[in-house]
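A.B. asks: Following this message is one structure expressed as structure tokens.
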Protein chains: 2
Amino acid sequence: MRVGLDVGGTKTDAVAIDAAGNVQARVRRTTGWGPEAVAATVVDAVGALADELALPVAAFESVGVGIPGLVEPGTTRVAHAVNLGIVELDLAAAVAPTLGLPVAVENDVKAAALGAYALGDGTGTLAYLNFGTGVAAGIVVDGVLWTGSTGTAGEVGHLSIDPDGPLCTCGQHGCVEAFSGGGTVARRWGRPGELPVRDIFDAADAGDAEAIVLRDGVAYGISAAIRALVLTVDAGTVVLGGGITMLGDRLMAVVGAQLEQSAEASPFIRSLRLDERVRVLPAGSPVAAIGAALLGAHRDTQEVLAHG
Amino acid sequence: MRVGLDVGGTKTDAVAIDAAGNVQARVRRTTGWGPEAVAATVVDAVGALADELALPVAAFESVGVGIPGLVEPGTTRVAHAVNLGIVELDLAAAVAPTLGLPVAVENDVKAAALGAYALGDGTGTLAYLNFGTGVAAGIVVDGVLWTGSTGTAGEVGHLSIDPDGPLCTCGQHGCVEAFSGGGTVARRWGRPGELPVRDIFDAADAGDAEAIVLRDGVAYGISAAIRALVLTVDAGTVVLGGGITMLGDRLMAVVGAQLEQSAEASPFIRSLRLDERVRVLPAGSPVAAIGAALLGAHRDTQEVLAHG
């Protein structure tokens, strides 16, 4: 049995999967703030999974952690995990001595891409597009995570698709993230509410002109990111995940309309059959935790232990 | 010795390379029009290379052909090579019986990507961006051509980077190709001349307002394509090739200015060090022919012969 954790800004999602990849146990914990508290959350969640399964922690083969920060390729060092209060942390070094297990660490979106690949038919090229506060993608080819030359593969959130578009936090105009990232969209909406993107979709349905512009912008950014991933890596499957999936079918309705519009304008785009490539994850699917659990299976255990 | 051919709309460029990848002979032929004439051009060029080296054709190990059309992955069938008058042709079947050699066929931009990779330091992820009449890219990872799920990897020419941009031949607005493709640019310029892109750069230097808009658009499209290839596949090297390289340093001056502008706006984009990733091919470099020659080395000879 392997353990996978998705350490989010508020909650940590933990699963134990068996050799066939099936989830045998799942627990959630509130994520602590800062390096020590995050490490403690990881140790606590692994223990809770063991309790759930009535097994000792030592019965697990490995622990994989997906975390919202930069993870230097091939290492377990996390940097700039701003939502967790982490500037820099070797997460394996912090938890492996206590757990006594090999620990692998990966960026959460990349871990989710591995998880989405495992949940699919398991062939070809898959892009996982995450729409949360920010926007980023993970690309998996024949089961292996694509890292690229410098570890920035899949940063489609900062692809500008409109030089006259809204200002992005990155400083460019019209980035995919400026149109479709939860953070920018909430700021542009500017009205109080717990779930701004849902409020925008509700208000757009009610005919609010400003909401319609924002909603169509969200869909434009998502459809542009899908096109970009197909026109560059030719992803056979594009999985949409992240907070925005809480919109369910309402999301695919507007994204599908945008894809249809580009297919109507361009026979070439139509020939790519974009709509047939897109899947939306069910809200709350533990895809990042499952992918994190698979990290352990992909890594050289000795090498990972050496960091601990 | 392996032979590689770059079958262009007007000229066919042919090289013979030795085991170390060095060009031992190079000839050029005028390309015939239509399936039979193109096949005859291939046979003729291979014979001319043999003559040049005072060798029999049978001394060559293989023939690789790069051709401007769709080549079904893993086959030698060419489709929609409109500039050559070819609707559909199994090129290996057409020439292998006469040549008595294994023949591999690939899209010319993809062949050029392999050639650019071989001419570079031979590691990591390389994107070859071709700006000719149209715009397309080939992506090479660790020496292997990236085909993607459906063979459309690298079609960045039809990535829209401005919804209010010029109409593309594909039907969308603001595609990279609509900004930077030689065909669209010449049409938008609309003045007579043999080398419209050079005329535009000359006129822009002389202060012509319309030319400045077109020239800056060319640079915008190129810089956006570079950003797109780095933000998706994280290409460590982006090689610019195609007819536009006749502009030499004048090209990199305007593209560099655009890259610098995005780096100034965005610390994230600056961190990608785009300018350090870009190389411009010397005009007339036989990169597609060299890459085509390497196709033979990558393929299973038996399998290729079976198509012949």
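A.B. asks: Calculate the length of the line joining the C-alpha centroid of the range A:49-115 to that of the range A:194-259, in whole Å.
C.D. replies: Using only Cα atoms to place each centre, the spacing works out to 31 Å.
A.B. asks: While we're looking at this one, here's another question. For A:A209 and B:L167, what is the calculated FRET efficiency with R₀ set at 30 Å and r taken between the beta-carbons, to the nearest 0.05?
C.D. replies: 0.60
A.B. asks: Copy-to-copy spacing for B:V87, label 7 Å out on the Cα-to-C-beta vector, in nm, shortest first?
C.D. replies: The answer, with the shortest distance listed first, is 6.9 nm.
A.B. asks: Return the FRET efficiency for the residue pair A:V144, B:A283: r is the Cβ-Cβ distance, R0 is 41 Å, and the value is rounded to the nearest 0.05.
C.D. replies: Efficiency at R0 = 41 Å is approximately 0.60.
A.B. asks: To continue, here is another question. Can you tell me the orientation of helix A:209-232 relative to chain A, as the angle in degrees between its alpha-carbon axis and the longest Cα principal axis, to the nearest 10?
C.D. replies: 60 degrees
A.B. asks: Look at the axis of the rotation that sends chain A onto chain B, then give the chain A residue with the nearest Cβ and the distance in whole Å.
C.D. replies: Residue plus distance in Å, as requested: A:T232, 2.
A.B. asks: Something else now. Show which lysines lie in cross-link reach of B:K11 when reach means a straight Cα distance below 19 angstrom and same-chain residues fewer than eight apart are skipped.
C.D. replies: Result set, ordered by chain and number: B:K110.
A.B. asks: From other protein chains only, count the Cβ atoms within 10 Å of every residue's Cβ in A:170-177, then give the mean.
C.D. replies: Taking all residues of A:170-177 together, the mean is 4.
A.B. asks: While we're looking at this one, here's another question. Between copies, how close do the B:G120 label points come, placed 7 Å along Cα→Cβ, listed in nm from shortest?
C.D. replies: Shortest to longest, the spacings are 2.6 nm.
A.B. asks: Suppose R0 equals 25 Å. What FRET efficiency, 1/(1 + (r/R0)^6) with r the Cβ-Cβ distance, do A:N22 and A:D44 give to the nearest 0.05?
C.D. replies: 0.60
A.B. asks: Another question about this same structure. Averaged across the residues of A:267-276, what count of C-beta atoms belonging to other chains lies within 10 Å of each residue's C-beta?
C.D. replies: Shielding by partners across A:267-276 averages 3.
A.B. asks: Near A:H173, within a Cβ-to-Cβ distance under 10 Å, what is the net charge of the other residues, with Lys and Arg +1 and Asp and Glu -1?
C.D. replies: -2
A.B. asks: If you put +1 on each Lys and Arg Cβ and -1 on each Asp and Glu Cβ, how big is the dipole of the protein assembly as shown around its Cα centre, in Debye rounded to 20?
C.D. replies: Dipole magnitude for the protein assembly as shown comes out near 80 debye.
A.B. asks: Right, something else. If each residue of separation counts as 0.36 nm, what is the full-extension length gain between A:E260 and A:T98 once their alpha-carbon separation is subtracted?
C.D. replies: The span from A:E260 to A:T98 would gain 53.0 nm if fully extended.
A.B. asks: Residue by residue through B:232-239, how many Cβ atoms from other chains fall within 10 Å of the Cβ on average?
C.D. replies: 6
A.B. asks: Taking only Cα atoms, what is the 0 to 90° angle, nearest 10, from helix A:287-298's long axis to the longest principal axis of chain A?
C.D. replies: Roughly 50 degrees, rounded to the nearest 10.
A.B. asks: Then there is this: Local charge sum around A:T31 (other residues, Cβ-Cβ under 14 Å, Lys/Arg +1, Asp/Glu -1)?
C.D. replies: Cβ neighbours under 14 Å give a net charge of -2.
A.B. asks: What 222 nm value per residue comes from the helices of chain B, counting each DSSP H run with n ≥ 4 as -39,500 (n - 2.57) and dividing by all residues, nearest 500 deg cm²/dmol?
C.D. replies: After summing the helix terms and dividing by the residues of chain B, the value is -13000 deg cm²/dmol.
A.B. asks: Give the nm distances, rounded to one decimal, from B:A253 to the matching residue in every other copy, measuring between label points 7 Å along Cα toward the beta carbon; shortest first.
C.D. replies: Output for B:A253: 5.5 nm, nearest copy listed first.
A.B. asks: Tell me the net charge near B:L53. Cut-off is 15 Å between Cβ atoms, B:L53 excluded, with +1 for each Lys or Arg and -1 for each Asp or Glu.
C.D. replies: Counting the neighbours of B:L53, the net charge comes to -2.
Coordinate-derived values only; no laboratory data. Worth saying up front: this structure is predicted, and the values here are computed from it rather than measured. In this analysis, Cβ positions are derived from the backbone assuming ideal geometry, glycine residues included, and neighbour counts consider all displayed protein chains.
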